[in-house]
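See structure below.
The values are calculated or read from the model by the stated rules, or taken from the named source; none is laboratory data. Note that the coordinates shown come from a computational prediction; the quantities given were computed from them, not determined experimentally. Neighbour counts run over all protein chains shown; Cβ positions are idealised from the backbone, glycine included. When the accessible area is computed, the model is the full protein with side chains, heavy atoms only, and any ligands, DNA or RNA have been set aside. Shrake-Rupley method; radii C 1.70, N 1.55, O 1.52, S 1.80 Å.
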Amino acid sequence: MDTLQSGTLTVSGARLYFEVRGTGPLLLLIPGGASDAEVFRDLADELAAHHRVVTYDPRGISRSLLDGPPPESWLDTQADDAARLLDHLATADEPLRVFGSCSGALIALALTVRHPQRFRLVVAHEPPAMGLLPDAAQHSAFFDEVHATFRREGVPAALDKLRAVFGGRPAPPLPEATDNSEFFLSHVMLPSTRCVPDVNALAAVADRLVMAGGQGSRTHDVHRPAAVLANRLGRELAEFPGGHAGYARHPAPFAAQLEAILAAPQPSLG
């Protein structure tokens, strides 16, 4: 593993914990759901041979402590946090690359639309943009019921119900600094699954977007928005090893696939 550096960045309402590994072009990895930087630990170690890999805990998750209430506008705040972290760590005019998974993919897409000239490539892995689906109303009702179950019966019952979008299987154990399930169910699940990306805005930067999904999650509901968005943008869907969390379960082949995408010719910025 390349030398690990860690730090915190103070932003409005929170302090963001981050880690940096390796040298080379900057690559930001954005976790989703209840995950923190730990979920990318093995993947980041693989990628650090060729990249300066930045991982972090989103605000309210694990070591990124809140200094006030959770923000009302989840996506706007998360995108602002990621942009400020990049401002803090990137050199002037440095072309940036981002990988985001699950709700982290929604943040990555928002970053691309807001700052198109900063990003050389963004890989969005299974964003839970269920509003893009023809049965969006059904999914919205489902997540409302998961949230109601959490309020009524607690975390285990809600997570058990949630696994329906992952093919009915229980979520695999993932590396994490802290169990963030309660915060996820309270403040992340509903706003992230209700996000509907601006397809027209994304179409303007589609040449630097890669929509991605897991080979093992092809039949899962959580996979479907990535396929729909890729089709609407006229892009092929890149398939990665494993399922929704393949980066944690299969870090070496996942990193090799991501490296191949990052090494392909990219559009110039300007």
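A few remarks follow.
- Residue in the range 172-185 that is surrounded by 16 or more Cβ atoms within 10 Å (Cβ to Cβ), of a type in the set (A, V, I, L, M) and farther than 17 Å from Pro31 by Cβ present: no
- The single residue among Val155, Val165, Val188, Val196 that is in contact (Cβ under 8 Å) with a residue 24 or more places away in the chain, farther than 23 Å from Gly242 by Cα and in contact with an Asp or Glu (Cβ under 6 Å, 6 or more places away or on another chain) turns out to be Val155.
- Filtered residue count, the range 141-170, keeping only those that are open to solvent by 40 Å² or more (accessible area, probe 1.4 Å), over 18 Å from Gly214 (Cα atoms) and within 20 Å of the chain's Cα centre (by Cα): 1
- Scanning the range 53-86 for residues that are part of a strand (DSSP E or B) and open to solvent by less than 10 Å² (accessible area, probe 1.4 Å) yields Val53, Val54, Thr55, Tyr56.
Results for (1) at pLDDT 95 or above; (2) under 24 Å from Phe240 (Cβ atoms); (3) of a type in the set (Gly, Ala, Ser), shown as yes or no for each residue.
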position	(1), (2), (3)
Val11	yes, no, no
Ala14	yes, no, yes
Val39	yes, yes, no
Gly68	no, no, yes
Arg84	yes, no, no
Pro95	no, yes, no
Leu109	yes, yes, no
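- Conditions (1) more than 23 Å from Ser6 (Cα to Cα); (2) surrounded by 18 or more Cβ atoms within 10 Å (Cβ to Cβ); (3) of a type in the set (A, V, I, L, M, F, W, C); number of the one not met by Ala137: (2)
- Options Val123, Val98, Val113: the member that is assigned to a helix (DSSP H, G or I), within 24 Å of Val228 (Cβ to Cβ) and of a type outside the set (D, E, K, R): Val113
- Extreme residue, nearest to Glu46 (Cα to Cα), among residues of the range 246-260 that are open to solvent by 30 Å² or more (accessible area, probe 1.4 Å) and in a helix (DSSP H, G or I): Ala252
- Screening the range 202-220 for residues that are open to solvent by less than 80 Å² (accessible area, probe 1.4 Å), out of contact with any Leu (no Cβ under 9 Å at 6 or more places or on another chain) and outside any loop (DSSP other than H, G, I, E, B) and picking the one that is nearest to Pro265 (Cα to Cα) gives Asp207.
- Residue in the range 225-245 that is within 20 Å of Pro170 (Cβ to Cβ), assigned to a helix (DSSP H, G or I) and either among the aliphatic types (A, V, I, L, M) or at pLDDT 95 or above (or both) present: no
- Taking the criterion of being open to solvent by less than 10 Å² (accessible area, probe 1.4 Å) and either hydroxyl-bearing (Ser, Thr, Tyr) or in contact with a helix residue (DSSP H, G or I) (Cβ under 8 Å, 6 or more places away or on another chain) (or both), the residues of the range 87-104 that qualify are Leu96, Val98, Phe99, Gly100, Ser101, Ser103.
- Look at the range 54-65: where a residue is closer than 13 Å to Ile30 by Cα and a partner is assigned to a strand (DSSP E or B) and modelled with pLDDT of 95 or more, sitting 6+ places away or on another chain with Cβ atoms under 6 Å, you get Val54/Val20; Val54/Leu28; Thr55/Glu19; Thr55/Leu29; Tyr56/Leu16; Tyr56/Phe18; Asp57/Tyr17; Arg59/Ala14.
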